Structures are given as structure tokens and as C-alpha cells.
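Q: This is the structure, below, for whatever I ask next.
Each reported figure results from applying straightforward, stated rules to the coordinates on display, with no laboratory input. From a predicted model like this one, the values you see are computed outputs, not experimental measurements. Every residue, glycine among them, receives a Cβ derived from its backbone with ideal geometry; neighbour counts consider all protein chains shown.
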Amino acid sequence: MLSEIAHPGILSCDHLSTVPIAVDAQWRLPPHAHPFHEMIVVVRGRMCVETQGVLLRAKPGDILFYPADTLHEEWAQGSTPLLTTCLAFRWQGWTPRPPCVVRDWLGRLQEMAAWLCAENDAYFSEAPAFRQILLAAILAEYVRLSDDTEHEVVDRARAYVRAHLDASFSLDDLAAAAGLSKFYFARAYKALTGMSPMRDARRIRIEEARKLIVTTSLGLKQIAPRVGLGNEYHLSRLLKKHLGAGSRELRQRPRA
């Protein structure tokens, strides 16, 4: 829980080690466990972890995590040498998540981990407290990313699509609605939904057209402009391509 990390009494880790690790493509560690929590940020290459009968696969931008005393086996996968940032820490009072892999789709956690790594040898008076604050931010971001719900970037974009169904819009428009640059937005959206933003927008348009077909007596000529799908001929082709039926067949089907 984020509250466990944010609670003032919890901000006191008694061990912290952050180190970049570069190994070749044949690297492998036999089953082992640590007395500390371990978080691995995959920067380059691919990595596999087998733990508690589960196989976890991670690629650049993924975060691996396993709690203290968790038996796990690690190895590089593929031909690309593996580069990771490893965070090893103890945190009194924090209830960690089970072993898992999450996607750092905006790269924020990776940037904070690199920042924390750069502060390993800092010697100013407040350096230990500064490192603890950075670690707390990393853990908070990890908890947010490991939540099962979709991130608000998808909700914002889909809300924009539904509010502008009868209009044309671009990838730039959707990115602006989500509050991200076009590059980061497209990458994040694909990671979260498995499809590009514009493809998902078309899916929403087609689904809204289907709803109007089965709930109203409107013809395709009236529905097409309402959902931004050009004319009735274009809409008819999309219905048959994506839903496998025309308007007549859709209206004859039993409603779910």
C-alpha cells in the first residue's frame, strides 16, 4: 500500500545498495535468496527469473521485484548482453508485493533508479536521508505501476475519443488529452492496451456504431457521421471486417 511507504514512521531503511550490473548473454545465477528485498530495472537485453514455480520474463523498461528470502534463479535471454540496475534494500514495516514484473512505461522508475545509483558515493551531510527519499519515491512508483487497473493515460485518451466521436482527431490530439508527448504517449498506450492509440480509437468508434445499430432504428447513413466513420459504405465495410456482420445481421442477433 502507498500509505505504508508514505507513513513518516516507515521512512527509515537500514540497508540500501544500488548498483548497475552488466553481464554477457550467457550469464546465469543458480537458485539463491537474499536477506533483503531486491528490485531489478532492466536497461538493456532480456532477463528471466524463475521463482515459486513462476517464470517471469523482463525486457528493457520492465521492473523485476522479489521480497527478502525469496528463492529465485536468474539468467539472461537472447544474444544481447544484459544491463540492469539492481536495488537491494531492507525497509522496516513495509509489506512488499509478491514476486512480479511490472512495466515502467514512462521510464520514470528507471530514471529515479539511475539517479539513486549516481548518489551511492554522495558525501554531503544529508546524503543518507536524500537516498531514502529517492528510494521511497521509487517504491511508490512501483506500487502504482503494479496496480492491476489501467493507468489514467488510457482513461483520458478514451474519454477524449468518446467526447469527439463525430470529429476527426490526430495522435497529437490524444497525446495532449493525456498530458504526454506524442512519443511517450504512443509507447505507453501500446504497453498498457496492446494496441496503438488510433487503432483503439477506431475500435471505440466501431463499438459505438454497433450500439446505435442494435439500440436504435437509425440507418448507417445517420450513424456513420455520429461516430466519425465517414459514410455508410465505409462503416459497412468496417462492420463486416471487424464484427463479421452487417447492420441487418447485428440487429437480428439476440442482445447480450
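Q: Pick out, from 167, 142, 76, the residue whose Cα sits farthest towards the positive end of the charge dipole of the chain, with +1 on the Cβ of Lys and Arg and -1 on the Cβ of Asp and Glu.
A: Projecting each Cα onto the dipole axis, the largest value belongs to 167.
Q: To the nearest 20 debye, what charge dipole does the chain have about its Cα centre, counting +1 at the Cβ of each Lys and Arg and -1 at the Cβ of each Asp and Glu?
A: 2080
Q: Hey, another quick one. In whole Hz and in residue order, list the ³J(HN,Hα) couplings for region 160-169 that follow from phi through the Karplus curve 6.51 cos²θ - 1.76 cosθ + 1.60, θ = phi - 60°; x for Gly and Pro.
A: Per-residue couplings from phi come out as 5, 4, 5, 7, 10, 4, 8, 10, 8, 8 Hz.
Q: Further question: Return the long-range amide H neighbours of residue 34 (sequence gap of 5 or more, or a different chain), with a cut-off of under 5 Å between placed amide H atoms.
A: 69, 70
Q: How far is the Cα center of region 73-98 from the Cα center of region 104-135, in Å?
A: 16
Q: Under 29 Å between C-alpha atoms is the cut-off here; go through region 133-247 and count lysine pairs that meet it, provided they're at least eight residues apart or on different chains.
A: Counting lysine pairs in region 133-247 gives 10.
Q: Determine the relative contact order of region 152-252: mean sequence separation of Cα pairs under 8 Å and six or more apart, normalised by residue count, in whole percent.
A: The normalised contact order for region 152-252 reaches 23 percent.
Q: Taking the Cβ of residue 165 as the center, what net charge do the other residues with Cβ under 9 Å away carry, scoring Lys and Arg +1 and Asp and Glu -1?
A: Net charge in that neighbourhood comes out at +1.
Q: Using only Cα atoms and rounding to the nearest 10 degrees, what angle (0 to 90) does helix 232-242 make with the longest principal axis of the chain?
A: With both axes taken from Cα atoms, the answer is about 50 degrees.
Q: Extending each Cα 7 Å along its Cβ direction at residue 236 and residue 146, get the distance between those two points in nm, one decimal.
A: 5.4
Q: To the nearest 0.05, what FRET efficiency results for residue 127 and residue 19 with a Förster distance of 22 Å applied to their C-beta separation?
A: 0.85
Q: Sequence-distant or interchain residues sharing an amide H contact under 5 Å with residue 27, placed H: which?
A: Correct list: 76.
Q: Could you calculate the contour length gain from residue 92 to residue 27, that is, 0.36 nm times the residue separation minus the distance between their Cα atoms, to one decimal place in nm?
A: On the way: separation 65, 0.36 × 65 = 23.40 nm, distance 3.22 nm.
That works out to 20.2 nm of additional length.
Q: Nearest 0.05, what FRET efficiency do residue 215 and residue 191 give at R0 = 45 Å with Cβ-Cβ as r?
A: The pair residue 215/residue 191 has a calculated efficiency of 0.85.
Q: Relative contact order, percent, of region 2-145 when contacts are C-alpha pairs under 8 Å separated by at least 6 residues?
A: It rounds to 32 percent for region 2-145.
Q: Any idea what the dipole of region 152-252 comes to, in debye rounded to 20, about its Cα centre with Lys/Arg Cβ at +1 and Asp/Glu Cβ at -1?
A: Dipole about the Cα centre, nearest 20: 360 debye.
Q: Further question: Residue by residue, what Karplus-based ³J(HN,Hα) values in Hz, rounded to whole numbers, does region 77-84 have, using 6.51, -1.76 and 1.60 with θ = phi - 60° and x for Gly and Pro?
A: Using θ = phi - 60°, the values come out as 10, x, 9, 8, x, 8, 10, 9 Hz.
Q: Let me ask you something else. Taking only C-alpha pairs under 8 Å that are 6+ residues apart, what is the relative contact order of the chain in percent?
A: Computed over the chain, the figure is 16 percent.
Q: For P(r) over Cα pairs in 10 Å bins from 0, in percent, several values are listed as (i) 7, 33, 39, 19, 1; (ii) 6, 24, 24, 18, 14, 10, 3, 0; (iii) 7, 30, 38, 21, 5, 0; flag the one computed from this structure.
A: So the calculated entry is the one marked (ii).
Q: Let me ask something else. Tell me what the chain gives for mean residue ellipticity at 222 nm when only DSSP H runs of n ≥ 4 count, each as -39,500 (n - 2.57), the sum divided by the residue total, rounded to 500 deg cm²/dmol.
A: Result for the chain: -13000 deg cm²/dmol, rounded to the nearest 500.
Q: Here's another thing I want to ask about it. So if we plug the beta-carbon distance of residue 159 and residue 251 into 1/(1 + (r/R0)^6) with R0 = 25 Å, what FRET efficiency do we get, rounded to 0.05?
A: Working: r = 28 Å, r/R0 = 1.14.
Efficiency at R0 = 25 Å is approximately 0.30.
Q: A further question follows. Once phi is turned into θ = phi - 60°, what whole-Hz ³J(HN,Hα) does the Karplus curve with 6.51, -1.76 and 1.60 give for every residue of region 199-216, x standing for Gly and Pro?
A: Using θ = phi - 60°, the values come out as 5, 5, 4, 5, 4, 5, 4, 5, 5, 5, 5, 4, 4, 5, 5, 8, 10, 9 Hz.
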